[in-house]
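Novice: Just passing along the structure, written as C-alpha cells.
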Amino acid sequence: MTTTDTPVHAPLAADFYGFQEALTPVEHDASARLRDFMEREVRPIALDYWDRAEFPHQIVPGLAECGMFGAMWPETARFENSAVWRGWAALELGRVDPSTATFVGVQSGLTMSSIALGGSSEQRAQWLPPMGRGELLGAFGLTEPLSGSDASKGLRTTAERRGDTWVLNGAKRWIGNATFADVVVIWARDTADGQVKGFLVRRGTPGFTTSKIERKQALRIVQNADITLDGVVVDEADRLPHIHSFRDVAVVLRLTRAEVAWQAVGVAVGAFEATVAYVGQREQFGRPLASFQLVQDRLAQCLGNITASIALCLQASRMQDADRLGDEHAALAKGFATSRMRETVAWCRELLGGNGIQLDHGVAKFFADAEAVYSFEGTRDMNNLIVGRAITGVSAFV
Ligand SMILES: Cc1cc2nc3c(=O)[nH]c(=O)nc-3n(C[C@H](O)[C@H](O)[C@H](O)COP(=O)(O)OP(=O)(O)OC[C@H]3O[C@@H](n4cnc5c(N)ncnc54)[C@H](O)[C@@H]3O)c2cc1C
C-alpha cells in the first residue's frame with residue numbers, strides 16, 4: 001500500500017480499480033504535475049497554516065500554472081480537458097489539503113462559473129483571464145446568517161434598481177475567500193420582481209465590509225467571512241445578465257457539487273494513506289497494528305468506500321461531459337461521497353488511537369476538514385431531498 005511519499009507519477013494505491021486510466025494522456029500528465037506541485041509546495045506547509053488559520057497566498061500562482069482556475073471555460077482552459085479530469089484534479093487537491101481544494105472550488109467552480117454562465121461576453125473577457133492566471137481572486141456570496149439550506153427561497157439580501165445602478169442591502173455568512181477577494185458574486189433578491197439576481201461587487205466598494213469568521217475548527221486555511229452590505233451601489237453593467245432566478249444559480253451549484261463529491265473522495269484517500277502508513281509502523285502486543293484482522297477489516301471497508309465513491313463520481317463526470325448531468329445526479333454524488341468520506345475518516349481516526357486527534361500524525365486534519373465538506377454546497381439532507389424528489393416526484397423540502 002502507498003504511503004504519503006508516493007512517487008508523483010505512480011498510480012495511487014487507493015485507486016484500487018485503476019480508475020485513473022479514464023484520463024487522456026494529456027490529462028494524466030496534468031494530474032502528475034498537480035500531484036507534484038501539491039506534494040512539493042502544499043503538503044510541507046499545510047499543517048502549520050491550518051494550525052494558524054492563515055491562507056498561504058504564495059501557492060496561488062502554482063495552482064494557476066497547474067490549470068486549476070477555470071479549466072472548463074475557453075478563456076481560461078490551459079489544455080483540452082474533461083469533467084473527469086476536473087474531478088480527478090479535485091481528488092488530488094483534497095488528498096493533500098482539503099482547504100486548498102476548497103479555495104480552488106470557490107475561485108474556479110463557484111465564482112468563475114457564475115461569471116462564465118451568468119455573465120455577458122464583456123464580463124467574461126474582463127474577469128475570467130486574470131482570474132484564470134490567479135491575478136484576481138473571487139468569492140461566491142449566497143449563504144446568509146438567516147438562510148443556508150433554504151437559500152432558494154429564503155434570501156433576504158435585497159437589490160433595488162435605481163436608474164443605471166442597483167443598491168444592495170443585507171448580510172452574507174460563511175463566504176470563502178471573501179476577506180481578500182477582488183470580486184464577490186453577491187446573490188440578492190430584486191425588490192421589484194422578487195427574483196434572485198447576481199452582482200459583481202468589487203473589493204473596496206463603499207458599504208461592503210467583511211470580517212473573518214474566527215475559531216473555525218475545519219478547513220482552517222480557508223478564510224470564511226461575514227459580509228455586510230449597507231447601501232452598496234453596483235452599476236447595471238456589473239449585474240450578471242443571464243441570471244434571471246435561483247434556477248440559474250442552481251446550474252452553477254450542479255457543476256460544483258459534482259466536484260465537491262470528488263474532493264470528498266480525495267479527503268478519504270488522504271486519511272486512508274496516512275492510516276495505512278501508521279498501522280504499518282505502530283506496534284501493539286508485539287506486532288504491527290496492520291497485522292490484526294480487525295484493523296485489516298476496517299482498511300478494507302475504507303477502500304470499499306473510496307472505490308465505490310470514485311466509481312459514482314466518474315460516471316457523474318461522464319454524464320456531465322455528455323451534458324446529461326441533472327441536479328439529482330450531482331446531488332446523489334455529493335451526498336453519497338461525503339457520507340462515505342465521513343465514515344472513512346472516522347475509521348481512520350479510530351485506527352490511530354489517541355494520535356488520531358493530534359495534527360502531526362496526518363489524520364486529524366482530514367477528520368476535522370471532512371465535517372465542513374460534508375455540510376457545504378448542500379448538506380447531506382438537502383442533497384438527499386433533491387434525490388428523493390427525483391425518485392418520488394414529491395418535493396419534501398418543507
Ligand atoms: C467551511 C464552509 C465554507 C462555506 N463556503 C461558502 C461560500 O463560499 N459561499 C456560500 O455562499 N456559502 C458557503 N458556506 C455555507 C454552506 O453552504 C452552508 O453552511 C450550508 O448550505 C448549510 O447551511 P447552514 O449552515 O445555514 O445550515 P442550516 O440550513 O441551518 O441547516 C442545519 C441543519 O438542518 C438541516 N435541514 C435544514 N433544512 C432541512 C429540511 N428541510 N429537512 C431536513 N433537514 C433540514 C440541514 O441539513 C442541517 O443538517 C460554507 C460553509 C462552510 C461550513
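The values are calculated or read from the model by the stated rules, or taken from the named source; none is laboratory data. Everything quoted here is computed from the prediction, not taken from an experiment. Counting neighbours? That spans all protein chains shown, and the Cβs are built from the backbone with ideal geometry, glycine included. Protein only, heavy atoms only, side chains kept; ligands, DNA and RNA dropped before computing areas. Shrake-Rupley method; radii C 1.70, N 1.55, O 1.52, S 1.80 Å.
Novice: Could you go through the range 218-235 in sequence order and give the Karplus-derived ³J(HN,Hα) for each residue, using 6.51 cos²θ - 1.76 cosθ + 1.60 with θ = phi - 60°, rounded to whole Hz, and x for Gly and Pro?
Specialist: 8, 6, 5, 6, 6, 8, 8, 9, 7, 10, 10, 10, 10, x, 6, 9, 10, 5
Novice: A follow-up question, please. Based on the Kirkwood radius over alpha-carbon pairs, what value in µm²/s does the Stokes-Einstein equation return for the translational diffusion coefficient of the range 250-372 at 4 °C and 1.567 mPa s?
Specialist: Stokes-Einstein gives a translational diffusion coefficient of 86 µm²/s.
Novice: May I pose another question? Starting from the Cα of ASP321, step 7 Å along the direction of its Cβ; do the same at ASP235; then give the gap between the two resulting points in nm.
Specialist: 4.1 nm
Novice: By per-residue mean of other Cβ atoms within 10 Å, what is the highest-first order of 75-88, 196-209, 334-347?
Specialist: 334-347, 75-88, 196-209
Novice: First compute the accessible area of the chain with a 1.4 Å probe, then give the percent of it belonging to carbon and sulfur atoms.
Specialist: Taking all protein chains in place, the chain shows 52 percent carbon and sulfur surface.
Novice: Moving on to the next point. Kindly provide the pair-distance distribution of the chain built from C-alpha pairs, with 10 Å bins from 0 and whole-percent values in order of increasing distance.
Specialist: Whole-percent P(r) values from 0 Å outward: 5, 24, 33, 24, 10, 3, 1, 0.
Novice: What are the ³J(HN,Hα) values, in whole Hz, obtained from phi via the Karplus relation 6.51 cos²θ - 1.76 cosθ + 1.60 with θ = phi - 60°, for each residue of the range 181-191 in sequence order, with x given for Gly and Pro?
Specialist: Once rounded to whole Hz, the list reads 5, 6, 9, 10, 7, 9, 9, 9, 8, 5, 5.
Novice: Put one equal scatterer on each alpha carbon of the range 13-91, apply the Debye formula with no solvent term, and list log10 I(q)/I(0) at q = 0.13, 0.22, 0.27 1/Å to two decimals.
Specialist: Per q value, in the given order, log10 I(q)/I(0) is -0.46, -1.06, -1.29.
Novice: Exactly which chymotrypsin sites (Phe, Trp or Tyr not before Pro) in the range 363-393 are in a DSSP loop and have at most 10 other Cβ atoms within 10 Å?
Specialist: In loop regions of the range 363-393 (DSSP not H, G, I, E or B), there are no sparsely surrounded chymotrypsin sites (Phe, Trp or Tyr not before Pro).
Novice: For the range 115-187, just say rounded, prolate or oblate: build the C-alpha gyration tensor, square-root its eigenvalues into a ≥ b ≥ c, call rounded for a/c under 1.5, and beyond that prolate if a/b exceeds b/c, oblate if not.
Specialist: Oblate.
Novice: Right, next: Take peptides 145-154, 90-99, 248-257, 379-388 and line them up by average Cβ neighbours within 10 Å, highest first, as a rough protection proxy.
Specialist: Those peptides, ordered most packed to least, come out 90-99, 248-257, 379-388, 145-154.
Novice: Another question about this same structure. Rg to Rh for the range 165-219: what is it, with Cα atoms only and Rh by Kirkwood?
Specialist: 1.00
Novice: Restricting things to Cα coordinates, could you compute the convex hull volume per residue of the range 149-268 in Å³?
Specialist: 117 Å³
Novice: Any idea of the accessible area per residue across the chain, 1.4 Å probe, to the nearest Å²?
Specialist: Heavy-atom SASA per residue in the chain reads 42 Å².
Novice: Let me have the relative contact order for the chain, percent, based on Cα pairs under 8 Å that are six or more residues apart.
Specialist: Value for the chain: 18 percent.
Novice: Also: Rounding to the nearest 10 and keeping the result within 0 to 90°, find how far the Cα-based axis of helix 327-351 lies from the longest principal axis of the chain.
Specialist: 40 degrees
Novice: Just subtract the alpha-carbon distance of ALA10 and GLN358 from 0.36 nm times their residue separation and send over the number in nm, one decimal.
Specialist: Stretched fully, the ALA10-GLN358 segment lengthens by 122.4 nm.
Novice: Could you work out the mean projected area of the convex hull around the alpha carbons of the range 263-311, in square nanometres to one decimal?
Specialist: 3.2 nm²
Novice: Taking H as built 1.01 Å from N, whose amide H comes closer than 5 Å to the amide H of ASN224, not counting residues under 5 places away?
Specialist: ASN177, ILE213
Novice: Related question: Fully extended, how many nm does the chain gain between ASP48 and ASP193 (0.36 nm per residue separation, minus their Cα-Cα distance)?
Specialist: Length gained, ASP48 through ASP193: 47.4 nm.
Novice: With only Lys, Arg, Asp and Glu charged, each at its Cβ (+1 for the first two, -1 for the last two), find how big the charge dipole of the chain is about the Cα centre; round to the nearest 20 debye.
Specialist: My answer is approximately 680 debye.
Novice: As an exercise, use a Förster radius of 25 Å and the Cβ-Cβ distance of ARG215 and ARG380 to find the FRET efficiency, rounded to the nearest 0.05.
Specialist: 0.55
Novice: Give me a comma-separated list of calculated 3J(HN,Hα) values for the range 153-167, in order, Karplus coefficients 6.51, -1.76, 1.60 applied at θ = phi - 60°, integers in Hz, x for any Gly or Pro.
Specialist: Listing the rounded values in order: 10, x, 4, 9, 4, 10, 10, 10, 6, 9, x, 8, 10, 10, 10 Hz.
Novice: In the neighborhood of ASP226, defined by Cβ-to-Cβ distances under 15 Å, what is the net charge if each Lys or Arg adds +1 and each Asp or Glu adds -1?
Specialist: +3
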